[in-house]
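These notes are about the structure you will find just below.
The values are calculated or read from the model by the stated rules, or taken from the named source; none is laboratory data. Fair warning: this is a prediction, and the values are worked out from it, not measured in the lab. Every residue, glycine as well, gets a Cβ built from its backbone with ideal geometry; the counts of neighbours run over all protein chains shown. Only protein heavy atoms, including side chains, enter the accessible area calculation; ligands, DNA and RNA are left aside. Shrake-Rupley method; radii C 1.70, N 1.55, O 1.52, S 1.80 Å.
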Amino acid sequence: MTDDDVNGWEFVCATDELLPGEKKTVWHGDTPILVVNLDGELYALEDRCTHEDFELSAGDVDAEAGQIECVLHGAKFDLRDGRALCPPAYTPVPTFPVKRAHGGVWTRDDRQ
């Protein structure tokens, strides 16, 4: 792989620093992106609850259900596609691509 493989991508952490069940937030410009290792698969979503603009990274990951719960009001989101799973949130959380390259985990905000 070349450096071009990660141009435009934000470095999250070394691959071995994000074990199953763990999460890490990185900033891409003004956007906080939460990356979660869900049983070896990596998922990235905006680290903001769509109900109350609170950081999702403060919540617990339910690896079995593949979801994260906002600690503020209990809204739950699917880690794989960002959809809101219960009130008080109804709007999905934006998701982002994530990849492993150069011994690290990378993500980017690819919205236009």
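What nm distance separates the two modelled labels at Thr31 and Ala58, each placed 7 Å from Cα along Cα→Cβ?
Between Thr31 and Ala58, the simple spin-label model gives 2.3 nm.
Simple spin-label model, 7 Å along Cα-to-Cβ: Glu22 to Tyr90 in nm?
Label-label distance for Glu22 and Tyr90, simple model: 3.9 nm.
If you put +1 on each Lys and Arg Cβ and -1 on each Asp and Glu Cβ, how big is the dipole of the chain around its Cα centre, in Debye rounded to 20? Write out the running numbers ahead of the final one.
Values: 10 positive and 23 negative charges, 38 e Å.
My answer is approximately 180 debye.
Counting only the backbone N, which residues of the stretch 68-112 are under 17 Å from the spot 7 Å out from the Cα of Asp5 toward its beta-carbon?
98-108
At 1.4 Å probe size, with the rest of the protein present, what percent of the exposed accessible area of the chain is carbon and sulfur atoms? Don't skip to the end; give the middle numbers.
On the way: 2670 of 6080 Å².
Here it works out to 44 percent.
For the stretch 67-112, which chymotrypsin sites (Phe, Trp or Tyr not before Pro) pass both filters: DSSP loop (anything but H, G, I, E, B) and at most 11 other C-beta atoms within 10 Å?
On the way: sites: Phe77, Tyr90, Trp106; in loops: Tyr90.
The qualifying sites are Tyr90.
Considering the chain as a Gaussian network with a 10 Å cut-off on Cα pairs, which listed residue, Glu55, Glu17, Glu64, attains the greatest mean-square fluctuation?
Judging by the Gaussian network model, the answer is Glu64.
If R0 is 30 Å, what FRET efficiency do you get for Ala14 and Ala65 from their C-beta distance, rounded to 0.05? Provide the component values of the computation, followed by the final result.
Numbers: r = 28 Å, r/R0 = 0.92.
For Ala14 and Ala65, the calculated efficiency is 0.65.
Could you work out the relative contact order of the chain? I mean the mean sequence separation of Cα pairs under 8 Å and 6+ apart, divided by the number of residues, in percent.
Details: 246 pairs, mean separation 29.3, N = 112.
Relative contact order of the chain: 26 percent.
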